[in-house]
């Protein structure tokens, strides 16, 4: 489980800068514990300007700390990240509430959205604040009559975080483990026996493995988003608009030039018919480093979604 700093837990509540620095020190300890366990603590790029006391914002609060601490904190919040808003999963059109308050566009909504979509995320909150309880209950509001409740784990004490990671499921440590988990988790997808073979010999990268899981989960969601008439549901349309359209889309078709120049490379053995092939030009993208998932298209209610390739980008020039 990666963690997101709960920006709602910084609301100008500290009576003085000393008490804030103690609380921030706890967050930094949690960040170090997460790093030792191979996980990350994400923040929002705007957190660096968060309101600490009624008068002071983050830069002023950090300014009187020892120089090493200043550099570590401001470097993390302003430069190093990682920043969850660089790869956010929910958008302004999603409606999330906590305690009857709108929380869309916050780390809490982002974590809740991830949990609902099979991506393990939790929160790190400052203390004291309005968020020193666990879990935090959130509702995704679909319409006036439909709510999806979700519980988000919340941490503010380094000792409990240390204990949590001791009992947490082990992180993926190999491409084989990624393949096995993908096959077990995404049952609506038809993953060919050799789909993950292109990863063999590539150095294992946990960040790539996690993004591959995110991409497969989107396809898994889309495959489930059809009604009894075979029409895409409202949720399905939302998934399509969010991840398959626009300049920053996670999924796209290959260009006409790529289809011509890489026709053989984009033609794959059919998983269920040894005499047939599939021309799979649609792909999901991991950008840094460049990996791709190639799959059959279109995604419909009645046809399988074949995952035929997971590996380095094929259409490199």
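The values are calculated or read from the model by the stated rules, or taken from the named source; none is laboratory data. Bear in mind the structure is a predicted one, so any value in this text is a computation, not a measurement. Virtual Cβ from ideal backbone geometry, glycine too; neighbours counted across all protein chains shown.
Check the stretch 85-97 and report whether any residue there is in contact (Cβ under 8 Å) with a residue 40 or more places away in the chain and farther than 27 Å from residue 185 by Cα.
Within the stretch 85-97, one or more residues are in contact (Cβ under 8 Å) with a residue 40 or more places away in the chain and farther than 27 Å from residue 185 by Cα.
Can you confirm whether the stretch 206-219 contains a residue that is more than 19 Å from the chain's Cα centre (by Cα) and either crowded, with 19+ Cβ neighbours inside 10 Å or modelled with pLDDT of 90 or more (or both)?
No, the stretch 206-219 contains no residue that is more than 19 Å from the chain's Cα centre (by Cα) and either crowded, with 19+ Cβ neighbours inside 10 Å or modelled with pLDDT of 90 or more (or both).
In the stretch 283-299, what count of residues is obtained for those that are part of a loop (DSSP other than H, G, I, E, B) and modelled with pLDDT under 95?
4
Considering each residue of the stretch 144-198, count those that are farther than 22 Å from residue 39 by Cβ, at pLDDT 90 or above and out of contact with any strand residue (DSSP E or B) (no Cβ under 9 Å at 6 or more places or on another chain), and give that number.
1
Taking the stretch 266-282 on its own, how many of its residues are under 14 Å from residue 191 (Cα atoms) and not in a loop (DSSP other than H, G, I, E, B)?
5
I'm told residue 194 meets every condition in (1) without any contact (Cβ under 8 Å) to a residue 40 or more places away in the chain; (2) in a loop (DSSP other than H, G, I, E, B) except one. Can you identify the failing condition by its number?
Single failed check for residue 194: (1).
Do we have any residue at all in the stretch 282-292 that's outside the structural domain of residue 86 (by TED's automatic domain parsing), within 21 Å of residue 116 (Cβ to Cβ) and touching a strand residue (DSSP E or B) at 6+ places or on another chain (Cβ under 6 Å)?
Checking the stretch 282-292: at least one residue is outside the structural domain of residue 86 (by TED's automatic domain parsing), within 21 Å of residue 116 (Cβ to Cβ) and touching a strand residue (DSSP E or B) at 6+ places or on another chain (Cβ under 6 Å).
Report yes if some residue within the stretch 67-82 is assigned by TED's automatic domain parsing to the domain that holds residue 153, crowded, with 20+ Cβ neighbours inside 10 Å, touching a helix residue (DSSP H, G or I) at 6+ places or on another chain (Cβ under 6 Å) and under 30 Å from residue 215 (Cα atoms); otherwise report no.
There is at least one residue in the stretch 67-82 that is assigned by TED's automatic domain parsing to the domain that holds residue 153, crowded, with 20+ Cβ neighbours inside 10 Å, touching a helix residue (DSSP H, G or I) at 6+ places or on another chain (Cβ under 6 Å) and under 30 Å from residue 215 (Cα atoms).
Taking the stated definitions as given, is residue 46 surrounded by fewer than 19 Cβ atoms within 10 Å (Cβ to Cβ), under 23 Å from residue 151 (Cβ atoms) and out of contact with any strand residue (DSSP E or B) (no Cβ under 8 Å at 6 or more places or on another chain)?
In short, no.
Checking residue 101 against (1) farther than 20 Å from residue 240 by Cα; (2) surrounded by fewer than 16 Cβ atoms within 10 Å (Cβ to Cβ); (3) touching a strand residue (DSSP E or B) at 6+ places or on another chain (Cβ under 9 Å), only one condition comes out false. Which one?
Tallying (1) farther than 20 Å from residue 240 by Cα; (2) surrounded by fewer than 16 Cβ atoms within 10 Å (Cβ to Cβ); (3) touching a strand residue (DSSP E or B) at 6+ places or on another chain (Cβ under 9 Å), residue 101 fails exactly one: (3).
Pull up the stretch 131-152, narrow it to residues that are out of contact with any helix residue (DSSP H, G or I) (no Cβ under 6 Å at 6 or more places or on another chain) and more than 23 Å from residue 218 (Cβ to Cβ), then point me to the one that is surrounded by the most Cβ atoms within 10 Å (Cβ to Cβ).
Out of the qualifying residues, it is 136.
Identify all residues within the stretch 263-317 that are farther than 25 Å from residue 87 by Cα, in contact (Cβ under 8 Å) with a residue 40 or more places away in the chain and surrounded by fewer than 17 Cβ atoms within 10 Å (Cβ to Cβ); write none if there are none.
265, 269, 272, 300, 301, 302, 304, listed by residue number.
Hey, residue 179 hits all of (1) buried (at least 17 other Cβ atoms within 10 Å of the Cβ); (2) under 26 Å from residue 103 (Cα atoms) but one; which does it fall short on?
Here residue 179 meets the rest and fails (2).
Kindly provide the set of residues from the stretch 268-280 that are over 30 Å from the mean Cα position of the chain (by Cα) and over 14 Å from residue 194 (Cβ atoms), ordered by number.
Those that are over 30 Å from the mean Cα position of the chain (by Cα) and over 14 Å from residue 194 (Cβ atoms): 273, 275, 276.
Between 239, 218, which is part of a helix (DSSP H, G or I), under 22 Å from residue 314 (Cβ atoms) and assigned by TED's automatic domain parsing to the domain that holds residue 294?
One residue alone meets the criteria, 218.
Can you tell me which residue is farthest from residue 287 (Cα to Cα) among those in the stretch 242-265 that are within 17 Å of the chain's Cα centre (by Cα) and not in a loop (DSSP other than H, G, I, E, B)?
Ranking the qualifying residues of the stretch 242-265, first place goes to 242.
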